[in-house]
Each structure stands twice: as structure tokens, then as C-alpha cells.
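Okay, so here's the structure we're looking at.
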Amino acid sequence: MFERLRAAIDAALEAATSPSDRRDVVSGMRDAVIEAHSVVQGLREGLARTEQELATEQRNLKDAERRGRLAAEIEDHETAEIADRFKVKHKERVDLLEKKLEAQRAEIGFMERELDEMKAQMKKVAGSSSVDNAWREIESAGGARPETDLQDELLKSSFDRAAREAAAEAQLEALKKRMGR
């Protein structure tokens, strides 16, 4: 499924030499990764639907077995025969859905490996810029890149929360003064 995308990435990698070409390649690779990710997500949704169908079909199979057993107990041969036919149909459907689930899981695993490989290739190409190399060296030395610094984000979040709480407290005090308390 990703052969076309992989071929485009490979061709672009071979053709790219300048930094602007590399940016174009990385942009194209990012688009391909996004498309591949949406394909994998669609496969996961299909898997979930198949799992629901299987659960429904298993319930139907149990119902048919129960009805056949009850009909046999009261010696209603016609109903027992009908229940047996439905039991066979539901059993075939359960077997089919189980095989389908197995195939879908295998396909998702394959696509996820392909997607991981595409991401690694994109990171390799994107990471070959001198700016990215410099940031990696700073991060490996213990420094933090501003846009990826978790501590900085947590600190900003706590300051924002403190400011909101102070504003709420001020509004509360203003309301108390107006009400004479």
C-alpha cells in the first residue's frame, strides 16, 4: 500500500542536494507519513468494527444453540432443525470473522512497521541539518530546546493557573465589597 509513497520518498532523497531541496523532501515525507498514519487509523477502525461484528455473531450462535437445545428438549423437531441450520450459518460466520480479524491484525502490524520505518527515514533526512545536529548536541549535554522543554511548559502552566486564581479572588473580593460584606 505504501509502495508509491516509498518510491516517491526514495526518488526525492536521491534528487535532493541543497538545504531547500532537503526541506521540500522532508515536507513531502511528512505528508506521506501523515497519509500513512491515517491509513493505519482507518485499519484500526475497521478492526474495531470486525470485533463488534464477531461479538454479535457469537451471541447469535449461542442463541441458536440454546434454541435448538430447548426445542430438542420439548421434542419440537421442526424448530430444532431450523435452529441447527442457523447454528451452522452463525458458526461459519464466526469462523470467517475470526480469520478476518487475524488478517486485519497482521495487516495493521505490517503497516505500523512500514510507518515506523518511514518516520525513521524522515527523521534521518530531517535530522541531517546542522541546526538539528546542534540542538541534539545541546540536548545530549543536558540543555533543553525551548519548544520541547517540558519543565518550561509546566512552569508556564502553573503561572497561568496562579494568574487565573488571583483574578478570580479579586473578582470575589469586588463582589463582596459591592454586597457589603
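Worth pointing out:
- Unmet criterion (only one of (1) free of Cβ contacts under 8 Å to residues at least 24 places away in the same chain; (2) surrounded by 15 or more Cβ atoms within 10 Å (Cβ to Cβ)) for LYS87: (1)
- Criterion violated by VAL25 - all others in (1) out of contact with any helix residue (DSSP H, G or I) (no Cβ under 7 Å at 6 or more places or on another chain); (2) under 30 Å from LYS124 (Cβ atoms) satisfied: (1)
- The set of residues in region 63-77 that are loosely packed, with under 13 Cβ neighbours inside 10 Å and either part of a helix (DSSP H, G or I) or not assigned by TED's automatic domain parsing to the domain that holds LEU96 (or both) comprises ARG66, ARG69, GLU73, HIS77.
The values are calculated or read from the model by the stated rules, or taken from the named source; none is laboratory data. Bear in mind the structure is a predicted one, so any value in this text is a computation, not a measurement. As a convention, Cβ positions derive from the backbone with ideal geometry for all residues, glycine included, and neighbour counts pool all protein chains shown.
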